[in-house]
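Asker: Structure in structure tokens, see below.
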Amino acid sequence: MEQTLSIIKPDAVQKNVVGKILDRFETANLRIAASKKIQLSKEDAEAFYAVHSKRPFYGELVEFMISGPVVVSILEGTNAMSLNRELMGATNPKEAKTGTIRADFADSIDANAVHGSDSLQNAKEEIAFFFAKKDIC
Ligand code: GDP
């Protein structure tokens, strides 16, 4: 059984579509093993996206991620990491396949509704970034 980290980003929380997005995960047989709504600090967002710190959009990305609360969840199931990436769709919603979360709920490449771990190693690290063992069941 695999686990991956999902973040419903500030744009989607602001649009009040948290339930609709979580429903996509459950409908695809992913189980929510932990979930919480939080406001990221600038330090949190910078640390979480440290891998992108040299990219030109890093500052914008950090500002966007702290612009409002997010919902962070652990999704569990068979092939959870790649299945979640499929459900999310391409980073740029204009390129995302019909029926994906980003095609249906995202407006732009920065306000793109969801984050999902992109490797099993990153999933492990991202889960540990947000959740203690006792929060996961
Ligand atoms: P993801 O794994 O599909 O989320 O994409 P990446 O890991 O490549 O990028 C992380 C996040 O940075 C994306 O979800 C976007 O929110 C943001 N991002 C990526 N590329 C760009 C870009 O060219 N411009 C801006 N403004 N944001 C970007």
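The values are calculated or read from the model by the stated rules, or taken from the named source; none is laboratory data. Remember, predicted model here, so these are calculated numbers, not experimental data. For neighbour counting, all protein chains shown are included, and Cβ atoms are generated from backbone atoms with ideal geometry for every residue, glycine included. Quick note on the areas: whole protein, heavy atoms, side chains included, nothing else; ligands and nucleic acids left out. Shrake-Rupley method; radii C 1.70, N 1.55, O 1.52, S 1.80 Å.
Asker: Which count do you get for residues in region 62-80 that are open to solvent by less than 20 Å² (accessible area, probe 1.4 Å) and closer than 15 Å to Pro10 by Cα?
Answerer: Adding up the residues that qualify gives 7.
Asker: Sticking with this one: Out of region 98-126, which residues are farther than 21 Å from Val13 by Cβ and either surrounded by 16 or more Cβ atoms within 10 Å (Cβ to Cβ) or within 13 Å of the ligand (Cβ to nearest atom) (or both)?
Answerer: Asp118, Ser119, Asn122, Ala123, listed by residue number.
Asker: Are any of the residues in region 80-91 over 25 Å from Cys137 (Cα atoms) and either among the polar types (S, T, N, Q) or outside any loop (DSSP other than H, G, I, E, B) (or both)?
Answerer: Yes, region 80-91 contains a residue that is over 25 Å from Cys137 (Cα atoms) and either among the polar types (S, T, N, Q) or outside any loop (DSSP other than H, G, I, E, B) (or both).
Asker: Collect the residues in region 47-79 that are assigned to a helix (DSSP H, G or I) and touching a Leu at 6+ places or on another chain (Cβ under 7 Å), keeping them in residue-number order.
Answerer: The answer is His52, Met65.
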